[in-house]
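The values are calculated or read from the model by the stated rules, or taken from the named source; none is laboratory data. Since the model is a prediction, treat every value here as computed from it, not as a measurement. Quick reminder, even Gly has a Cβ in these numbers, built from the backbone with ideal geometry, and neighbours come from all protein chains shown. Side chains are part of the model used for accessible areas, which takes the heavy atoms of the whole protein and leaves out ligands, DNA and RNA. Shrake-Rupley method; radii C 1.70, N 1.55, O 1.52, S 1.80 Å.
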Amino acid sequence: MSALAGTPARQAGSPRPTAWHLLVNNRLATVGLCLIVAIALVVVLAPILPLADPNATAPANRLKPILTSGHLLGTDQLGRDILSRLVWGARISLTVGFAATIVAAILGSAIGIVAGYTGGRADNLMMRGIDMLMAFPYILLALAVVATLGPGLMNALYAIAIVNIPFFARNVRGVTVSFAQREFVDAARLSGKGPFAIVVTEILPNVMPIIVITMSTTAGWMILETAGLSFLGLGAQPPQADLGSMLGEGRAQLFTASHVAIVPGVMIFLIVISLNLLGDGIRDVLDPRLRSGALASSGPVTEIASGRIALPNTHRDAALSTEGLETGFRNGLDIVPAVRGVSLHVKRGECLGLIGESGSGKSVTALSIMGLVASPPGLVRNGAVYLNDEDVLAMPKSRLIASRGRRVAYVFQDPLTTLHPMYPVGRQVEEAIAAHQPIGAAQRHEKAIALIDKVGIRDAEARAKHYPHQLSGGQRQRVGIAMAIANDPDVIIADEPTTALDVTVQARILDLLRNLQRDRGMALLFITHDFGVISEMCDRVAVMKDGEIVETGDTRTVLANPRHPYTKRLIACVPELGTGPLYLDRVAGLLHSQERRSS
Ligand code: ADP
Ligand code: MG
């Protein structure tokens with residue numbers, strides 16, 4: 001966040017919401033949390049509370065109603081104090097339920113991680129075993145396990161743990177598979193870490209949230225299953241009580257003394273509902289999309305502040321201009337500005353370079369132009385964007401959305417993430433055409449092939465049938481460019497289109513973009529962090545630092561005579577073969593490439 005250091009909008013007193021804040025802000029989760037903490041406190045303190053002996057029978061006092069003196073919740077069919085049995089019973093139910101949750105979580109997650117990480121035959125074998133477990137109705141399976149092991153609390157615990165292993169194994173395996181393919185795991189492998197170390201230090205921290213979420217959402221369920229087995233007489237054995245066995249014993253008196261069954265029933269209900277509410281709250285907090293405070297999904301157009309001051313257009317002949325554009329991100333209650341006072345303009349047939357280091361606000365500027373900044377948390381606070389002198393931010397949403405691709409097209413940095421992995425590239429180009437041009441399928445196909453050919457992919461007809469992963473990085477970017485020019489837009493915004501490519505491919509892509517732009521007379525807003533590329537491509541340049549434009553001018557003039565120290569530093573960053581650290585030589589080299597370009 002160095003780019004934003006010193007911005008005044010980040011006030012003390014309203015920091016980024018923590019997980020705890022988010023949980024407490026969720027009212028239902030808070031109710032669940034309070035309830036379960038209260039119950040847990042009572043059952044933990046059971047030995048020191050002034051309770052009667054839960055197993056002491058007193059036949060003379062049997063089936064006393066609620067609020068009898070000495071027996072707050074009455075007595076059962078053997079004259080035992082229901083309050084005392086309830087507290088001790090809840091203690092057992094909670095212990096067994098939580099223990100089963102932990103056992104299932106450990107075993108299930110271990111299976112899931114091993115299966116997901118090793119893959120292949122081991123994965124297949126383990127997952128088919130899990131499928132077999134899941135093919136039985138769970139209560140039947142639990143009954144079968146208890147029937148084999150014999151009735152008793154410990155055996156009920158094992159049965160419930162076994163029955164719940166598949167939930168953990170499946171969830172964890174799914175996430176592990178996706179992480180096992182990621183670059184950071186490859187990097188760990190290359191650094192010489194063994195499989196065990198990788199699983200523990202790389203995979204486990206990433207799947208931990210999933211394990212916790214699954215635990216929090218199944219704990220209530222497992223307590224219910226414990227009660228179910230005890231209700232059937234297979235869990236807690238007399239005289240020991242748990243909530244399920246109390247409910248089972250009370251069933252016989254349901255019509256004569258209903259409180260004997262209702263009291264443990266209400267307790268089970270309270271425990272399970274509070275655990276479920278809390279579990280949902282924990283899940284919401286651990287979901288990374290919700291953690292940033294963005295509790296809603298993003299809308300189709302960036303939010304525009306109601307008090308936006310739309311400055312008038314000072315370049316009415318420009319294809320695209322921005323005036324005092326200011327975009328920020330909501331963070332709790334305040335708004336952290338990302339770009340401020342950005343005024344740019346690009347004419348038809350012109351290329352404007354926008355340069356700045358990573359994090360300086362180039363992408364936010366580019367995305368603000370067509371309202372593409374994700375909102376929440378994004379917000380355009382001030383300024384205006386003019387497209388052929390029409391205020392974009394004042395357009396009706398439908399018109400703004402229809403202008404994307406048609407009047408302004410984007411080329412992004414990494415075409416692998418912007419192309420759909422499941423469709424052939426030809427079809428994706430066709431879709432870009434179909435979005436704005438009502439032409440027949442055959443004509444569309446023809447046009448797509450022509451576009452793919454136009455951007456320099458050889459054998460376009462065959463290549464159109466290929467999927468993005470079958471193309472090289474440069475070819476993918478060419479497809480991205482084909483999609484951008486598909487509807488003959490007035491303006492193309494290219495956001496670091498060559499950063500992910502190697503130098504030779506980069507040169508070819510830059511050539512392609514420049515030629516297309518000249519041929520078609522489009523305005524090009526070209527974003528990069530490399531002055532070398534600017535000198536090759538652009539007529540004018542705007543230098544961005546910490547969200548503000550610090551210098552603009554003709555590329556030649558800025559190169560020859562940079563005024564801002566930051567511009568000088570950026571120019572000095574361009575490596576030039578054989579010139580060593582001499583800044584002036586670099587400028588000479590860059591100016592030379594400018595001359596080559598203009599001739
Ligand atoms: P770059 O110049 O590398 O393209 P960006 O425009 O992506 O930089 O980012 C500019 C600033 O805006 C950065 O400081 C970044 O932290 C901030 N920013 C970008 N996207 C978001 C977001 N979704 N939420 C909060 N801050 C963001
Ligand atoms: Mg960027």
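Numbers at a glance
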| read-out | value |
| --- | --- |
| Angle in degrees between helix 27-44 and the longest Cα principal axis of the chain, rounded to the nearest 10 | 40 |
| In sequence order, calculated HN-Hα J values of the range 235-245 (Karplus, 6.51, -1.76, 1.60; Hz; x Gly/Pro) | x, 4, 9, x, x, 4, 10, 10, 4, x, 5 |
| Positive-end residue of Ile485, Ser375, Ala227, charge dipole of the chain with Cβ unit charges | Ala227 |
| Amide H contacts of Lys545 (H built 1.01 Å from N, under 5 Å, at least 5 apart or other chain) | Val550 |
| Nonlocal amide H pairs with Lys347, under 5 Å, H built at 1.01 Å | Ala319 |
| Selection from Val37, Gly194, Pro264 lying farthest towards where the dipole of the chain points positive, charges on Cβ | Pro264 |
| The range 205-221 - phi-based ³J(HN,Hα) in whole Hz, Karplus 6.51/-1.76/1.60, Gly and Pro as x | x, 7, 8, 3, x, 5, 4, 5, 4, 5, 4, 5, 8, 10, 4, x, 4 |
| Top positive-direction residue, dipole computed over the chain with Cβ charges, set Ala409, Ala161, Val455 | Ala161 |
| Computed accessible area, Asp459, all protein chains, 1.4 angstrom probe, square angstrom | 110 |
| Dipole moment magnitude, nearest 20 debye, the range 67-161 about Cα centre, only Lys, Arg, Asp, Glu C-beta charged | 80 |
| Table column - 3J(HN,Hα) (Hz), the range 253-266, Karplus curve with 6.51, -1.76, 1.60, x for Gly and Pro | 9, 3, 9, 8, 9, 5, 4, 4, 8, 5, 4, x, x, 5 |
| Whole-Å distance, taken between Cα centres, linking the range 149-201 and the range 453-503 | 40 |
| Angle between the chain longest axis and helix 503-520 axis [Cα atoms, degrees, rounded to 10] | 70 |
| Cut-off 12 Å between beta-carbons: net charge of the residues surrounding Val339, Lys and Arg +1, Asp and Glu -1 | +1 |
| Accessible surface of the chain [probe 1.4 Å, protein heavy atoms]: carbon and sulfur percent | 62 |
| Neighbour-limited loop hits for trypsin sites (Lys or Arg not before Pro), the range 141-216 (at most 13 other Cβ within 10 Å; DSSP other than H, G, I, E, B) | Arg182 |
| Between 0 and 90°, nearest 10: helix 583-598 axis offset from the chain longest Cα axis | 70 |
| Unit Cα scatterers, Debye sum, the chain: log10 I(q)/I(0) for q = 0.07, 0.11, 0.13 Å⁻¹ | -0.65, -1.08, -1.31 |
| Accessible area of the chain divided out per residue, in Å², using a probe of 1.4 angstrom | 48 |
| Kirkwood Rh and Cα Rg combined as Rg over Rh, evaluated for the range 89-154 | 1.07 |
| Gln237 long-range amide H proximity, modeled H, under 5 Å | Leu153 |
| Only Lys, Arg (+1) and Asp, Glu (-1) charged, at Cβ; the chain dipole about Cα centre in debye | 260 |
